[in-house]
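See structure below.
The values are calculated or read from the model by the stated rules, or taken from the named source; none is laboratory data. On a predicted model such as this, the values are computed, not experimentally measured, just so you know. Cβ coordinates were reconstructed from backbone atoms using ideal geometry, including for glycine residues, and neighbour counts include every protein chain displayed.
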Amino acid sequence: MSKTDVLLSARDISVTFGKGHKAFQAVKHVSFDIYKGETFGVVGESGSGKTTIGRAIMRIQPLSSGEICYNGERISGSISRELDQEMTRKIQMIFQDPMASLNERAKVEYIVAEGLYNVSHGVSHEYVHEAVSRALSDVGLLPEFASRFPHEFSGGQRQRIGIARALIMQPEFIVADEPISALDVSIRAQVLNLLQKLKRERGLTYLFISHDLSVMRFICDRIAVVHLGEIVELADTDTLYRHPLHPYTRALLSAIPVPNPEVEKKKKLLVYDPSMHDYSKEKPTFVQIEPGHYVLANGPELETYRERLAKQD
Amino acid sequence: MENNVVLSVRDLVVQFTLRGQVLTAIRGASLDLYKGESLAIVGESGSGKSVFTKSFMGMLDKNGSIKSGEILYDGMDLAKFKTEADWLKIRGHRIAMVFQDPMTALSPLVTVGRQIAETLELHQGLRGRAAKEKAIEILRDVGITNPERRYKQYPHEFSGGMRQRVVIAIAVACNPEILICDEPTTALDVTIQAQILDLLRDLQKRYGLTVIYITHDLGVVASVSDRIAVMYAGDIVEIGRSDEIFYDPRHPYTWALLSSLPQLGERGEDLFAIAGTPPNLFRPIKGDAFAPRNPYALKVDFQYRPPYFDVSPTHKARTWLLDPRAPKVERPKNLDRIREMGGFIHE
């Protein structure tokens, strides 16, 4: 992975819901780059704004400030019709709940092909049929399934249909919003492996949104930890797991269940309390503390983080 | 281990009728539950783990019934219970349940405090002020700050984790002997999940509860369970102390469940995935139900259902691999990593 190829970059983006005194800022001045071919993880609790970030990239959610660039071209705000169509094809999404995200009254063929109908007008029936069969076999389903309805499938199979629906557009970039949270452990492994395989074979880039750091460690190259609309820490996966600095990251890591009863029974849970930061004198900034490792902190905090890093090395 | 059995299930068979077809959800499962222990029942969706425990409370769907077997509890055979009046003596009162989804388990139209007080009035005969005071005390017990104010609030004013605490409060309000937690943390965030498990462990000690956890995620139960029962296709295929199941699993299905944990995966490599799907329970099952998905299956697995083989006095598994005549089989390598796994925070 060469660090020079930035595929998508978010510059100081904010998303606000509501107006006036009811306004709620769900995403607060967030910036990050996603490199071509990597899996970029966004982790945080419910309400942290991680899904809103994903939706902003999908252009479902308008930004209140900042901009998003894809291959150097701005795709947020008002853009030309051609670029809009192109982005609709290139950026696809996989949703969390395979039970809720498929149209119960449509056959699989239509569900998977819908994107094609929307973007390219006048596609031939044969072409669509062919493309659906290919997309279904790519995700490990039989092409015959195209004539069935979603309720005939198990949760894992439905999630594969959701992935096939994204793949048929031959996207470059996929936003996967908690794609495995609603699945059983064994099915979860199948879907994760499928996502990894597709990435390898097609050079896809993922934005992977999840609250579960145990899965993130396995699939992501870099991870951004989001708390209340702000990125509090960003690093490549190994660094983040080896030197977690921000107390919120540490709390998330301490909560990962360890499948080892001896360790787990003695484990101490770290609880994150935002009031532990004293930001009255000095506001925190997002600083690079070691190569590729960013953390949100003010001066005194950076001091202690640096000390901790020095001790660990 | 304590020898006093509170609940004993013997060869339980539960069937459902669906569009004229018979589905056997529980295929002759047996289980002894010891007083004061916490037992985790682990399995995929459709393995029958929820149905199994629902049959202890008379909560099977209308088209389901207990075909044979016994559920012995306090000198009674619950499998013989027919009327709702019988069940009301047990359900909620002696055996209570915490449901998976705190968003749907509470009534949105009734204040949280009222919902707890209601249980107290129904089962413990407390009235008015006494019920309210007790309800506030329980809210405090489940870790809700400022319970007097929270008592008057509605469920929508609570976060997911807080709501699950309320659901737990309702379940423990009547001081039940057995608490069944059906996927108590699946709908929750990881940090909240850890807090809820902490709470359940703490309540178990304080109230002297016997707890059954139902989950599909073996990773979650390491912290809370004394014993683990692994369920597959309506039967318990392996049961043992928590350390025996994690460090010395014997059934290939347990191997598969443990191997597929993302915590054991290496980045860049494929995660272990169980091939295929669970068997169709509308058809009778020949031999070992897991055999078609089992890379270690022997010929005999497709012919005869294996009996339980004892590994230790507390640990047994239903697999022909434990038969002295079976060939020696190496368990998956990545299971050796379990013992070395530490936490993710190093000081």
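The table that follows gives values for the structure above.
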quantity: Residue that is farthest from the other protein chains (Cβ to nearest Cβ) [pool: residues in segment A:268-304 that are in contact with a strand residue (DSSP E or B) (Cβ under 6 Å, 6 or more places away or on another chain) and of a type in the set (Phe, Trp, Tyr)]; calculated: A:PHE286
quantity: Cβ pairs under 6 Å, 6+ apart, first in segment B:39-52 and in contact (Cβ under 8 Å) with a residue 24 or more places away in the chain, second charged (D, E, K, R) and in a loop (DSSP other than H, G, I, E, B); calculated: B:GLU44/A:ASP184; B:SER45/A:ASP184
quantity: Search result, residues across segment B:38-70 that are farther than 13 Å from B:ILE180 by Cβ, surrounded by 19 or more Cβ atoms within 10 Å (Cβ to Cβ) and in contact with a strand residue (DSSP E or B) (Cβ under 6 Å, 6 or more places away or on another chain); calculated: B:VAL42, B:GLY43, B:SER47, B:GLY48, B:GLY64, B:ILE66
quantity: Matching residues in segment B:125-158 - criterion: being more than 17 Å from B:LEU203 (Cβ to Cβ) and among the acidic types (Asp, Glu); calculated: B:GLU133, B:GLU148, B:GLU157
quantity: Flag if B:PHE52 is part of a helix (DSSP H, G or I) and at pLDDT 90 or above; calculated: yes
quantity: Residue check, A:ALA176 among the small types (Gly, Ala, Ser), at pLDDT 90 or above and either crowded, with 20+ Cβ neighbours inside 10 Å or within 19 Å of the chain's Cα centre (by Cα) (or both); calculated: yes
quantity: Selection status of B:ARG114, closer than 28 Å to B:GLY58 by Cα and basic (Lys, Arg); calculated: yes
quantity: Scan of segment B:125-145 for residues that are in a loop (DSSP other than H, G, I, E, B) and farther than 18 Å from B:GLN164 by Cβ, ordered by number; calculated: B:GLY125, B:LEU126, B:ARG127
quantity: Per-region count, segment A:26-84, residues touching a Lys or Arg at 6+ places or on another chain (Cβ under 6 Å), closer than 15 Å to A:ILE13 by Cα and not in a strand (DSSP E or B); calculated: 1
quantity: Cross-chain or 6+ apart pairs with Cβ under 7 Å, segment B:204-220 first and within 13 Å of chain A (Cβ to nearest Cβ) and under 14 Å from B:LYS49 (Cα atoms), then among the β-branched types (Val, Ile, Thr) and assigned to a loop (DSSP other than H, G, I, E, B); calculated: B:TYR213/B:VAL224
quantity: Residue within segment A:244-253 that is among the charged types (D, E, K, R) and part of a helix (DSSP H, G or I) present; calculated: yes
quantity: Positions within segment A:115-154 being under 25 Å from the mean Cα position of the chain (by Cα), surrounded by fewer than 16 Cβ atoms within 10 Å (Cβ to Cβ) and not small (Gly, Ala, Ser), in sequence order; calculated: A:ASN118, A:VAL119
quantity: Matching residues in segment A:164-177 - criterion: being out of contact with any strand residue (DSSP E or B) (no Cβ under 6 Å at 6 or more places or on another chain) and either assigned to a helix (DSSP H, G or I) or over 15 Å from A:LEU207 (Cα atoms) (or both); calculated: A:ALA164, A:ARG165, A:LEU167, A:ILE168, A:GLN170
quantity: Identity of the residue in segment B:116-139, out of contact with any helix residue (DSSP H, G or I) (no Cβ under 6 Å at 6 or more places or on another chain) and closer than 12 Å to B:ILE170 by Cβ, that ends up surrounded by the most Cβ atoms within 10 Å (Cβ to Cβ); calculated: B:HIS123
quantity: Some residue of segment B:311-328 being touching a strand residue (DSSP E or B) at 6+ places or on another chain (Cβ under 6 Å) and free of Cβ contacts under 8 Å to residues at least 24 places away in the same chain; calculated: no
quantity: Qualifying residues in segment B:242-297 (those that are within 7 Å of chain A (Cβ to nearest Cβ) and among the acidic types (Asp, Glu)) - the one nearest to B:MET231 (Cα to Cα); calculated: B:ASP243
quantity: Candidates B:VAL13, B:VAL42 - the one that is closer than 30 Å to B:ASP202 by Cβ, of a type in the set (Val, Ile, Thr) and modelled with pLDDT of 90 or more; calculated: B:VAL42
quantity: Identity of the residue in segment B:303-347, assigned to a helix (DSSP H, G or I) and within 14 Å of chain A (Cβ to nearest Cβ), that ends up surrounded by the fewest Cβ atoms within 10 Å (Cβ to Cβ); calculated: B:GLU340
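Let's see how each residue does on (1) out of contact with any His (no Cβ under 6 Å at 6 or more places or on another chain); (2) within 12 Å of chain B (Cβ to nearest Cβ); (3) of a type outside the set (A, V, I, L, M); (4) part of a helix (DSSP H, G or I):
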| site | (1), (2), (3), (4) |
| --- | --- |
| A:PRO179 | yes, no, yes, no |
| A:SER186 | yes, yes, yes, yes |
| A:VAL191 | yes, yes, no, yes |
| A:PHE208 | yes, no, yes, no |
| A:ALA235 | no, no, no, no |
| A:PRO257 | yes, yes, yes, no |
